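In what follows, a structure is listed as structure tokens, so that the remarks can point back to it.
The values are calculated or read from the model by the stated rules, or taken from the named source; none is laboratory data. Predicted model, so just to flag it, every value in this text is computed and none were measured. Heads up, the Cβs are rebuilt from the backbone with ideal geometry, glycines too, and the neighbour counts pull from every protein chain shown.
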Amino acid sequence: MKHYNIRVYGKVQGVFFRASARYCAERLTISGFAQNEDDGSVYIEAEGSEENLKLFEEWCHKGSERSEVSEVQTEEGAIKNFTSFEVNRGIY
């Protein structure tokens, strides 16, 4: 089990990025959350197997159908034992 802190930049708000991230995370049995940030990015904390987290990170580089991802920053963090993947409201 690993924990990733992921920040996604580009056109990622208002394009169903967070909802699509949740769908992808649930399919990969990843728990955590995604939320919009004031700077226009999406911040994600994700936990799961290393293999599935790598797949999820790859998805973040593509994003939802309407998003335009310009950059993804990922770092490992401390396990928080999330039980599901949530979409948080963030700045909205």
Query raised in the report: Out of all the residues in region 5-26, which are within 22 Å of Ala78 (Cβ to Cβ) and crowded, with 24+ Cβ neighbours inside 10 Å?
Result: Val8, Ala21, Ala25
Query raised in the report: Looking at Thr74, is it more than 18 Å from Arg89 (Cβ to Cβ) and outside any strand (DSSP E or B)?
Result: no
Requested in this report: Please enumerate the residues belonging to region 36-71 that are surrounded by 12 or more Cβ atoms within 10 Å (Cβ to Cβ) and assigned to a loop (DSSP other than H, G, I, E, B).
Outcome: Glu37, Gly40, Ser41, Ser49, Gly63, Ser64, Arg66, Ser67
Query raised in the report: So which of Phe85, Phe56, Phe33 is more than 12 Å from Ile6 (Cβ to Cβ), of a type outside the set (D, E, K, R) and under 10 Å from the mean Cα position of the chain (by Cα)?
Result: Phe85
Requested in this report: Report, by residue number, each residue of region 77-89 that is on the phi < 0 side of the Ramachandran plot and either among the polar types (S, T, N, Q) or assigned to a loop (DSSP other than H, G, I, E, B) (or both).
Outcome: Gly77, Ala78, Ile79, Lys80, Phe82, Thr83, Ser84, Asn88, Arg89
Requested in this report: Please find, among Val69, Val42, the residue that is closer than 13 Å to Asn88 by Cβ, of a type in the set (Val, Ile, Thr) and in contact (Cβ under 8 Å) with a residue 12 or more places away in the chain.
Outcome: Val42
Query raised in the report: Only one residue in Ile91, Ile79 is at pLDDT below 95 and touching a strand residue (DSSP E or B) at 6+ places or on another chain (Cβ under 6 Å), so which one is that?
Result: Ile91
